[in-house]
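The values are calculated or read from the model by the stated rules, or taken from the named source; none is laboratory data. No experiment lies behind these values; they were computed from the predicted model shown. Reconstructed Cβ throughout: ideal geometry from the backbone, glycine too, with neighbour counts over all protein chains shown.
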Amino acid sequence: MINNSALVGQYFNCGMSSALAIFLLIVSTLVSLGVFAIFVAVLVDFIETKGRVKKKVEKKSLVATFSMTLFFVLMYLLIRLNIGFIRIDNINLNIVLIAVGLILFILGVIVNIAGRIKLGRNWSNQVRIYEGHKLVCGGVFSLVRHPLYASLIWMFIGAALIYGNVGVLIGAIVVFIPAMRYRAKIEEKYLSGEFSEYTKYRENVAMFFPVVEKLLVAPKTLKIDKKAIVFCRLMTVVLLVLSYTLSEKLIVVLVFALFVLSTATTIKYAPSVMLYNLIFGRLLKRNEVEIDTAAIRFAQGLGSLLLFLSLLNFYYYDNESVAWIVVSIVGVSTLFGASGLCIGARIYYYLHKRELI
């Protein structure tokens, strides 16, 4: 998949030892073999399912083998051309990132091939329910509901860590994961209609990330004090205005950390909301409103992503003007949220209505 120079280039002029060079060569070779194995497995799937009689249940999707292959090519070009590459001069840190990335990548390859073997002739390039279609819940399907898609996500994240490429990481998070979720949602709609037991299976097994999704599980709606939400958002705006006024990047780092924590725990357990409850919770009358946790998480996640991009421009690209523009966008949208118009939630509902997420 990737030439060795893209990986070895991370250590140019860093005093790379012969042992480290051999390690990097092995890593790059394993990545190439892994990608080759996936493409061979896909080819076998096409051959095995060619001409199979299928039911009328069929849904064409733009997210299929061809579009996934295009994404592979895009990721290859980003790495090959060093677009989005971040140089880390600490060799030990690089080795740790490469090792973690390699584990993720190899795990992805194993789960992908194991999933294809378990799925057998039930596999299809498009969303289809075949005659005699069987619901597969065992093997790697007991780990995640969509091992073929999940494994590809793991592989891309692993490749981003191996090659130190933030472009690949952002592409996987912003483009590939939503695309896989869109495809998975279509499949689940038809599987739920065909198999009554699928609903229970879906409730008990994660979609892509078995450990993370279990930790982040939350009810569809939560009741929270409306004033706490307003306080949370106004506090964010104040911190961002303060960061701009003082030209203090570390305040942006703090806000980014708060956004990430809010996304992970839902806004009910956001640090600023907990602070409000501690100070004002017993003094002011509560006015609880019901919030959609998925929408609020999407909004917080979008804010986290934008702030991450601003930090990249601050600390890596050394482009403070662009960074402050992004920070301003987050600040303005958060101010709208404090007034009752959550732009991130509106985007979520728009995408959800069109089954894009």
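Screening Gly84 against (1) more than 22 Å from Tyr317 (Cα to Cα); (2) modelled with pLDDT under 85; (3) within 18 Å of the chain's Cα centre (by Cα) leaves a single unmet condition, (1). The set of residues in the range 314-328 that are in a helix (DSSP H, G or I) and surrounded by fewer than 16 Cβ atoms within 10 Å (Cβ to Cβ) comprises Tyr315, Glu320, Ser321, Val322, Ile325, Ser328.
What residue, of Thr236, Thr199, Thr245, is outside the structural domain of Ser124 (by TED's automatic domain parsing) and under 25 Å from the mean Cα position of the chain (by Cα)? Walk me through it before giving the result.
Details: Thr199 fails: outside the structural domain of Ser124 (by TED's automatic domain parsing); Thr245 fails: under 25 Å from the mean Cα position of the chain (by Cα).
Thr236 is the lone residue from the list that is outside the structural domain of Ser124 (by TED's automatic domain parsing) and under 25 Å from the mean Cα position of the chain (by Cα).
Among the residues making up the range 152-189, those that are of a type in the set (Phe, Trp, Tyr) and assigned to a helix (DSSP H, G or I) are Trp154, Phe156, Phe176, Tyr182. Against the condition without any contact (Cβ under 8 Å) to a residue 24 or more places away in the chain and either not in a helix (DSSP H, G or I) or not assigned by TED's automatic domain parsing to the domain that holds Ala64 (or both), how does Ser192 come out, does it pass? No, not satisfied. Of all residues in the range 203-244 being part of a helix (DSSP H, G or I) and modelled with pLDDT under 85, which is surrounded by the most Cβ atoms within 10 Å (Cβ to Cβ)? In this case the residue turns out to be Pro210. For the range 245-290, a tally of residues being more than 24 Å from Ser321 (Cβ to Cβ) and not in a helix (DSSP H, G or I) returns 13.
So that you can scan it fast, the table gives a plain yes or no per residue for (1) surrounded by 14 or more Cβ atoms within 10 Å (Cβ to Cβ); (2) assigned by TED's automatic domain parsing to the domain that holds Tyr315; (3) part of a loop (DSSP other than H, G, I, E, B):
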| residue | (1), (2), (3) |
| --- | --- |
| Val73 | no, no, no |
| Leu78 | yes, no, no |
| Arg87 | no, no, yes |
| Leu93 | no, no, no |
| Leu107 | yes, no, no |
| Val140 | yes, no, no |
| Ala150 | yes, no, no |
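Mind telling me which of the residues Arg354, Arg282, Arg286, Arg346 ends up being out of contact with any helix residue (DSSP H, G or I) (no Cβ under 7 Å at 6 or more places or on another chain), at pLDDT 85 or above and more than 13 Å from Thr236 (Cα to Cα)?
Values: Arg354 fails: at pLDDT 85 or above; Arg282 fails: at pLDDT 85 or above; Arg286 fails: at pLDDT 85 or above.
From the options Arg354, Arg282, Arg286, Arg346, the qualifying one is Arg346.
Taking the stated definitions as given, is Phe298 assigned to a helix (DSSP H, G or I), touching a Gly at 6+ places or on another chain (Cβ under 8 Å) and surrounded by 17 or more Cβ atoms within 10 Å (Cβ to Cβ)? Write out each step before concluding.
Values: assigned to a helix (DSSP H, G or I): yes; touching a Gly at 6+ places or on another chain (Cβ under 8 Å): yes; surrounded by 17 or more Cβ atoms within 10 Å (Cβ to Cβ): yes.
Spelling it out, Phe298 is indeed assigned to a helix (DSSP H, G or I), touching a Gly at 6+ places or on another chain (Cβ under 8 Å) and surrounded by 17 or more Cβ atoms within 10 Å (Cβ to Cβ).
Picking from Val273, Val260, Val255, which residue would you name as being within 30 Å of Ile86 (Cα to Cα), crowded, with 20+ Cβ neighbours inside 10 Å and among the aliphatic types (A, V, I, L, M)? Walk me through how you get there before you give the answer.
On the way: Val273 fails: within 30 Å of Ile86 (Cα to Cα); Val260 fails: crowded, with 20+ Cβ neighbours inside 10 Å.
One residue alone meets the criteria, Val255.
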